[in-house]
Amino acid sequence: MAYKRFTDRLPIIPADAEEHNAVCHYCIVGCGYKAYTWPLNRQGGTAPEQNKFGVDLSEQQYQDTDAWYAPSMYNVVKKDGQDVHLVIKPDVDCVVNAGLGSIRGARMAENRRSDVMGTQQQRLTDPLVWRYGTWQPTTWDDALDLVARVTARFVEADDEDQLYVSMFDHGGSAGGYENTWGTGKLYFGSMKIRNCRIHNRPAYNSEVHSSRDMGVDELNYAYEDYTLTDTVMIVGANPLETQTNLFLNHMVPGMQGGGARVVIVDPRRTVTVRACEEAAGAENVLHLQPNSGTDLALFNAILTHIADQGWVDTDFIAASTIRNAQEIAQSETHPAALGSFEAALEAIRLSPAEAAEITGIAEADIIKAAEWYAKPHDDGARRKAVIAYEKGIIWGNDNYRTIGALVNLGLACGNIGREGGGVCRLGGHQEGYYRPGDGHVGRPAPYFDQLLINGGGAVHHIWACDHYKTTLNASRFKREYNRRTNMVKEAMDNAIGATREELVDAIEGAIRAGGLFSVNVDIIHSQIGQAAHVILPAVESGEMNLTSMNGERRLRLTEKYMDGPGQALPDCLIAARLAQAMQRVLTEGGRADYAAQFDGYDWQSEEDAFMDGFNTSHPDVTYDRLRAAGTNGVQEPVVGYENGVLVGTPRLYTDGVFTRHGREDGKALFCHAAWRGLQAAGKAQQRANHRFLINNGRSNLNWQNWFLDQDNDFAMDRWSVPFIQINPEDAAELGVGNGDLVEVYNTDGATQAMVYLEPTARRNETFMLFGAPSGTQGNVINGGVNELMLPNYKQTWADIRKIADASPATRRQSFKSWEVEL
Amino acid sequence: MKCNRLVDAGRRQFLRGGIVGAAGAAAATVLPAEQAKAQALARVEYPANRLANIADLVVGEPMDIAYPDSESPGILLKLGDAVDGGAGPDGDIVAYSVLCPHKGWLLSYSAGDKTLNCPGHYSRFDCEAGGQQTWGHATQNLPQFELRVDDNGDIFATGVDELIYGRLSNVLES
């Protein structure tokens, strides 16, 4: 039986309940919500004057009503120390989602910690220090003193390379301008940490180097463009599941009312394909299924055909792009040369027939895609087209050139900076990056994971990054990380009754013998946190004020609507306290000059961090003004404040001047993105040695929210073990059926998954859920990266064998098709 | 009403559902003029409504019903094969709300794979798996109506296991 809550009624929001602006902190779309709180021993009534909606709630409310909320939107939480009712429901007045809630965001309330309701008891409440063979709760002062004393022994003002740092750089979740500034000021301001990485990749680098090098910021359009366009081209993305309300509230209206056609490039038939067929009509949907990793050849052939047909925008090319054939040469820092359109076209030239050979896509379909993207209308009018891409190519073969090839298409057809255009990534988290310069990190950035595996680093500070679940080469990483951190744990265990000084001596000794001291800042006990020596509890969006921008650069302030758990603090304030502890320890140690670098952290609140960071270069933007801007906020860049309203920028580059590369001439560059096969080390060999493609990605139910969902009954009832979709004939050959547990293994590692028969899966091509706590797909991804240390998660091959029959938990699942039948 | 984390999941769900009743009971204890009496029951009172007789059902053809009242449409369905939670002598009779718990659109039945499908946003629910959302946007599985079949073959709905879309109390005030 499916999980049911047996909720038969919910408390009614009283008319005078407090209302707070909230933005869903899970995915990049950033849907607007309202959070309502009121005292526990009060409740609204069904009469219109007794409830927030002003309607008669004794009557049934109908389709799309604002006056209903699901049990998942309700909880009892602490606010200012008091227990209060909490309802978080989608905001009908937010232009992003217009009242739609996703299966993730509409569970925000349920996924808050509640001592009364028993939800999210996994949330960390106290700083924890490894003592007496386990973690013991303690105070911030005690925990940070230990962190600072150990860290201080391994950093010098002119050499901080032994301090390794993993830190999120995103908005949403616990990220945002306040918190990236807090950690950024500490590690890139007070210190100059070079060996660092971001939560989802093994280096500190961009995910879209080529787009930026070409002058094009990766978030250049407005969501409105989907309703103004002729063609939507979705590449390596599955927006119905991973940008749900962007798809439902903007892409679908573009298809239904706007008559837009859709080109989808994805080796897998996703639910997005089916939904587009419903919305646009199957005749207006072209699904191209390339052989894994061959997207680049497809895009180059499309551009070749467009150019040969004369459909490029010559005026735009002349006015807005560089004329020099090769402006930047291919080098260690540039995996392809950059220059003029003509030179790039010469470099990438590939006929549709040649591309058909490489990609496995019919030549006629390649030509059709070119026509749908660029063939002018019968009256000669230019075709408007949006390209939306995401992890299918970002985490795919030859990242630099493949993204460059897509931006080539947009530039060649004048489809950037114009209504109904854009070449944009769809995104994962919201953005919220504000830090001192990272130039000292270098390009290519250090391959952090590899350095750590090879024994590099003495102290590791981790900020909300669970590499055990979400890095590549994860089997090896975990083995080595466990070994090195266990050396320190054993030293701490052996230092029975030691003073603080003696304990730090013991830790230092273990580190110098090859150990690693691990400090983990997170909101829950993460998997990498099991290896930590100090664990520090953080809060999330809503438990603090937090600002982020979404996939159309829409900046909003999520207001604090509840208390964080126990002693937990905002990351920016944790960073500030750590900086102050470093200063104190360095001063005590007679290192006054170095200690002085840790000045400037006298923040009492997250707003102080915001004003110290983001506001200094965006003086128009304040908390008060963002509060007034509500869930619609303002689209960055903010250009002024007029008549009581922040003035933003709906889309970038409307003047045809491209700036992301920092060139003064404002000219965009084309990428010499020639096809060169599987680029990353070991990929071709893995493909040759193992039967199954282990394509991988996310699910609608849980992805940005999985850290919380591992403690959510509704979610875990569905995916207690990650699924692996497999063709039924392949499954029959392996002797496995729905719900069976299988091992996925290759020479790089092994993991487990639950079989889900999927008739639309191509033979020998599986799709496994990424990032699951109960089966890490990254275990079987090899260590191959591109020249700029971008991981290649998607091109992974392995073998599969049965471990066990379906368990009681998996046997009762629905294993039917995900494709709607109407 | 602090929750004991060691109690079983069913008890926890009961407490989540019962929070209104608890608040009401607390309010009743303020300096009563007479001996205090509890204001209300902790759970709503579900009616036992006769939906149909087994003889009215055809395997694989859903019958339109409403429960607990005419504003809450549902289907009554004889699946043909026994399922967990199925009623009747063959253990194959089920009933579900057909208001999508996402945005309240009316679900349509697909006989091909015995699912209920939403035309609004493409969600679908499995009639053979207790209304589990096979794929979709709703944050709850489909409300299922509890059934009792008497000796005459009359089928009664007697309760609901999730909140029905569009109402904050499964039983509306009369």
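Worth pointing out:
- P(r) weight above 21 Å for segment A:156-252, C-alpha pairs, percent: 54 percent
- Working from the Cα coordinates of the protein assembly as shown, the gyration tensor eigenvalues give, after taking √(5λ), semi-axes of 43, 38, 29 Å in decreasing order.
- Our coupling estimate for segment A:547-562, obtained by passing each phi through the Karplus curve with A = 6.51, B = -1.76, C = 1.60 and θ = phi - 60°, is 10, 8, 10, 9, x, 10, 6, 8, 8, 9, 9, 7, 7, 5, 10, 7 Hz, Gly and Pro reported as x.
- Highest-first arrangement of A:607-615, B:85-93, where packing means the average Cβ count within 10 Å: A:607-615, B:85-93
- Estimated FRET transfer efficiency when R0 is 22 angstrom, pair A:Ser617-A:Ala596 (beta carbons, to 0.05): 0.35
- Of all accessible heavy-atom area on the protein assembly as shown, the percent that carbon and sulfur account for (1.4 Å): 47 percent
- Inter-label distance, nm, simple model (7 Å from Cα along the C-beta direction), A:Arg676/B:Ala111: 5.9 nm
- Each principal axis of the Cα cloud of segment A:615-716 was evaluated for its coordinate range; sorted largest first, these ranges are 65, 52, 23 Å.
- 3J(HN,Hα) along segment A:211-217: 4, 5, 4, 7, x, 10, 5 Hz, from the Karplus curve 6.51 cos²θ - 1.76 cosθ + 1.60 with θ = phi - 60°, whole Hz, x for Gly and Pro.
- Temperature 37 °C, viscosity 0.692 mPa s: under these conditions the Stokes-Einstein estimate for segment A:528-685, based on its Kirkwood radius over C-alpha pairs, is 165 µm² per second.
- Partner lysines for B:Lys78 [C-alpha distance under 18 Å; skip if fewer than 8 residues away on the same chain]: B:Lys114
- Amide H contacts for B:Arg167 (H built 1.01 Å from N in the peptide plane; partners 5 or more residues away or on another chain; cut-off under 5 Å): A:Gln61.
- A:Asn494-A:Thr654 pseudo-label distance in nm [points 7 Å out on the Cα-to-Cβ vector]: 6.8 nm
- Averaged over peptide A:92-102, the number of partner chain Cβ atoms lying within 10 Å of each residue's Cβ comes to 1.
- Nearby lysines by direct alpha-carbon distance to A:Lys52 (threshold 22 angstrom, same-chain neighbours under 8 apart not counted): A:Lys34, A:Lys78, A:Lys79, A:Lys89, A:Lys560, B:Lys103
- Nearby lysines by direct alpha-carbon distance to A:Lys489 (threshold 26 angstrom, same-chain neighbours under 8 apart not counted): A:Lys469, A:Lys478
- Cα-based shape type of segment A:665-773, given that a ≥ b ≥ c are square roots of the gyration tensor eigenvalues and the cut on a/c is 1.5: oblate
- Per-residue 3J(HN,Hα) values for segment A:578-594, derived from phi via the Karplus relation 6.51 cos²θ - 1.76 cosθ + 1.60 with θ = phi - 60°, read 5, 4, 5, 5, 4, 4, 5, 5, 5, 5, 4, x, x, 10, 4, 5, 5 Hz in sequence order (x marks Gly and Pro).
- Close amide H partners of A:Ile264, meaning residues 5 or more places away or on another chain with modelled amide H under 5 Å apart, are A:Ile234, A:Leu286, A:His287, A:Leu288.
- Between the beta carbons of A:Glu733 and A:Phe53, assuming R0 = 51 Å, the FRET efficiency works out to 0.35 to the nearest 0.05.
- Nearest-0.05 FRET efficiency for A:Asp80 and B:Leu41, computed from C-beta distance (R0 35 Å): 0.60
The values are calculated or read from the model by the stated rules, or taken from the named source; none is laboratory data. Please read all numbers here as calculations on a predicted model, not as lab measurements. Cβ: placed from backbone, ideal geometry, glycine included. Neighbour counts: every protein chain shown. Heavy atoms of the whole protein, side chains included, go into the accessibility calculation; ligands, DNA and RNA do not. Shrake-Rupley method; radii C 1.70, N 1.55, O 1.52, S 1.80 Å.
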